[in-house]
């Protein structure tokens, strides 16, 4: 993107943000629920607007049989299971951070907005059949798709890999290797078996895109061209740690971590396949329009590499200054 285009997009974003602010008051709020004994949660409620904090003595409609008793929410033996409703959020620009922590260390952290003013707390027994896990399957598959499509560094890596690997079988092998690798580190990080600081991981992810783009531009034979699945697997280990940081920020349902982890991975794979399909569609369109495919491909590689190089510098500086 040229500098003038970037400035235009930024200006448009600022105008939209200004328009939104004129229509609704922009607030932030947080709701913390900490289990202090079985089924009993200590409630802490804060808002950036003192008026909002005063008006909402009960900031949520809790699932039955939960009820407010002073600063506590009493849910009984069944625990806090079901939908937390926030009707006051509807139509507002307020962002509500909900943090629920159970005594066993399980934590659910979500941002709730006016476009979807509710939150589901899953209480499905661990022994339940697959048909009872549909809410988790649906929600975490969607979250996986959203993450890969909005996590532009991961998306750019997949696109760059598709540009590097032209043949179908090699591409399938490379994507499979990438999937296996990021699934391994994602699971290890989420389950607490692997811990690495986020800044160097994010810097390495950006550098991985630069390196793959560099391989796309090299005319001579290389390991990345002969055996791209090896490169995809190695970099997939890094990207899995990036996925993990996002998934941990989203939160995982109590007693159903493996299920949520599996369907989040499914969503990521669906998003990856969509990105690859888009690359093939662009190739077909370029051929159909009789454009110079090599020139178009190099231009796209330079665009991806330049963006990733900027991210690399920015994130490397963050490692040393953060």
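Odds and ends about this structure:
- Filtered residue count, the range 22-58, keeping only those that are modelled with pLDDT of 85 or more, touching a strand residue (DSSP E or B) at 6+ places or on another chain (Cβ under 8 Å) and part of a loop (DSSP other than H, G, I, E, B): 1
- Inside the range 65-91, residues that are surrounded by fewer than 19 Cβ atoms within 10 Å (Cβ to Cβ) and in contact (Cβ under 8 Å) with a residue 40 or more places away in the chain make up a count of 5.
- Yes/no for residue 111 being assigned by TED's automatic domain parsing to the domain that holds residue 60, crowded, with 19+ Cβ neighbours inside 10 Å and within 23 Å of residue 137 (Cα to Cα): no
- Annotation for the range 45-61: at least one member residue is surrounded by 14 or more Cβ atoms within 10 Å (Cβ to Cβ), in contact (Cβ under 8 Å) with a residue 40 or more places away in the chain, outside the structural domain of residue 257 (by TED's automatic domain parsing) and farther than 29 Å from residue 245 by Cα.
- Being touching a strand residue (DSSP E or B) at 6+ places or on another chain (Cβ under 6 Å) and modelled with pLDDT of 85 or more is a property that does not hold for residue 75.
- Taking the criterion of being within 31 Å of the chain's Cα centre (by Cα) and in a loop (DSSP other than H, G, I, E, B), the residues of the range 76-100 that qualify are 78, 79, 80, 81, 86, 90, 91, 92, 93, 94.
- Residues satisfying the stated conditions in the range 274-291, i.e. under 16 Å from residue 174 (Cβ atoms) and without any contact (Cβ under 8 Å) to a residue 40 or more places away in the chain: 277
Residue-wise test of (1) touching a strand residue (DSSP E or B) at 6+ places or on another chain (Cβ under 6 Å); (2) within 19 Å of residue 302 (Cα to Cα); (3) modelled with pLDDT under 80.
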| position | (1), (2), (3) |
| --- | --- |
| 216 | no, yes, no |
| 230 | no, no, no |
| 256 | no, no, yes |
| 259 | no, no, no |
| 275 | no, yes, no |
| 281 | no, no, no |
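- Counting only residues that are within 18 Å of the chain's Cα centre (by Cα) and touching a residue at least 60 places away in the same chain (Cβ under 8 Å), the range 166-199 holds 9 of them.
- Residue in the range 181-199 that is surrounded by fewer than 15 Cβ atoms within 10 Å (Cβ to Cβ) and assigned to a helix (DSSP H, G or I) present: no
- Only one of the numbered conditions (1) at pLDDT 90 or above; (2) not in a helix (DSSP H, G or I) is not met by residue 252, and that is (1).
- Yes/no for residue 247 being modelled with pLDDT under 85 and outside any helix (DSSP H, G or I): no
The values are calculated or read from the model by the stated rules, or taken from the named source; none is laboratory data. Just so it is clear, the model here is predicted, and its values are computed rather than measured. FYI the Cβ positions are ideal-geometry reconstructions off the backbone, even for glycines, and counts take in every protein chain you see.
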